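Chemist: Starting off with a structure, shown below.
What follows draws every value from the coordinates through simple rules; no lab data is involved. Please read these numbers as outputs of a predicted model, since none were measured by experiment. Methodologically, a virtual Cβ is constructed for each residue, glycine included, from the backbone with ideal geometry; neighbour enumeration extends over all protein chains shown.
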Amino acid sequence: MKNNIGLIYALAAYTCWGFIPIFWKQLAHIDSVEIVMHRMVWSCALVTLLIIFSRQWREFKILFSQPRLLFKLFIASALVSVNWAVFIWAVNAGHLVETSLGYFMNPLISVALGVILFGEALRRGQFLALSIAALGVVYLIVSYGVFPWISLILAVSFALYGAVKKSVSVPATHGLAIETMFFLIPAGVYLFYLELQGSGQFFEGSSNGWMLVLGGLFTLIPLLLFAAAAKRISMTALGMTQYIGPSLQLMIGVLVYAEPFSSQKLIAFSFIWLALGIYSIDQLRHQNGLRRARKAQKLKPT
C-alpha cells in the first residue's frame, strides 16, 4: 500500500512538471526574468507559510546555524535559478521540444557528473548509454550546425542541482525556503524597481498578479509530491517515472503548439531514447543484483 501511494505521488509530480509549460505559456507576454523573480518571491512566501502552519519553524531556524549547509543551499539556489530562467524563456520562445530533450538527457548527465565529481565507476551499461547519448548530441550539432545549448544548460544545471541536494539532508520544504530566501531581497528590489519604472506586469491586466502568485504555488506542489514519493518508493521506481515529464513536454510542444520536429530531431531523440532504455535496463539489473546479494547475505549462516 505504501509503495502504491508513493507511486501515485511520483506520477502526480512528473505529470505536473509535464503540463506546467501550458501555464507558463499564459504568461508569455511577461519578460522571463520578471517571471522568475516573481516565482522566487511567491515560492518563498508560500513555503515559509507552510513551514509556520505545520509548526516546523523551530526545526527550520536551526538550519541557519550551519554555514556549510547554507553554502551548499546557496549553490543549489543559483543552479535552480538558472534552470528556471532558461526553462521559462525557452517555453515562451517556442523551444519546448528542446526543453524536453534537456530533461530526457538529465539522468545521463547525472551519471556523467557522478564519474567526474565523485569518482564513481561506470558500469558497462552506463558507459554504453552515455556513449549513445553523446552520439545523439553530436548528430544534432552536425546536422543543424547549432549547439543545443538550451537542452544542455537545462540538463547540466538540474543534474548539478540534484548532486548538491544529494549532499544535504533537509526536508524539501526547508530546503526550498532557504534556496528562495537567498534571492528574495534581490528579486524584491528588482520587482519594486520595475513597478517604479512603470514596466512591471504584476498590476497590469486583471489576471497577471494572480497568475504570478500561482507560479509560486505550482512550483511548490510538484516538489512536495516528489519529496513524498521519494520517501515511499525505491530510487529505481522513482527514476522510471521521471520520463513522464519530458514526454508530456515533447507531445505538448509538437501537438499543441506545433513546434517543428524534423527528421534530424527525431534521429537525435532516438539516440537519447535508446540510451535511456539501456540505462533503465542497467539500473533495474543493478538493483535486482543488490537485492539478491542482500538476501543471500541474510540467509548466509553465521
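Chemist: Which of the residue pairs LYS165/LYS295; LYS165/LYS231; LYS25/LYS166; LYS72/LYS166 have a Cα-Cα distance greater than 21 Å in the structure shown? Kindly include the intermediate steps, with their values, before the conclusion.
Modeler: Details: LYS165/LYS295 30 Å; LYS165/LYS231 15 Å; LYS25/LYS166 31 Å; LYS72/LYS166 10 Å.
Cα-Cα > 21 Å for LYS165/LYS295; LYS25/LYS166; rest within.
Chemist: Let me ask something else. Arrange the following residues from fewest to most other Cβ atoms within 10 Å of their Cβ: SER262, SER143. Intermediate results must be reported in sequence, preceding the final value.
Modeler: Numbers: SER262 11, SER143 14.
Fewest to most other Cβ atoms nearby, the residues stand as SER262, SER143.
Chemist: Provide the gained length on full extension for the span LYS25 to ILE267, in nm with one decimal, where the gain is 0.36 nm per separating residue minus the Cα-Cα distance.
Modeler: Details: separation 242, 0.36 × 242 = 87.12 nm, distance 2.73 nm.
Going from the current span to full extension adds 84.4 nm.
Chemist: Among MET251, MET211, rank each residue by its count of other Cβ atoms within 10 Å, from fewest to most, as a rough exposure measure. Kindly include the intermediate steps, with their values, before the conclusion.
Modeler: Numbers: MET251 13, MET211 19.
Least to most surrounded, the residues fall as MET251, MET211.
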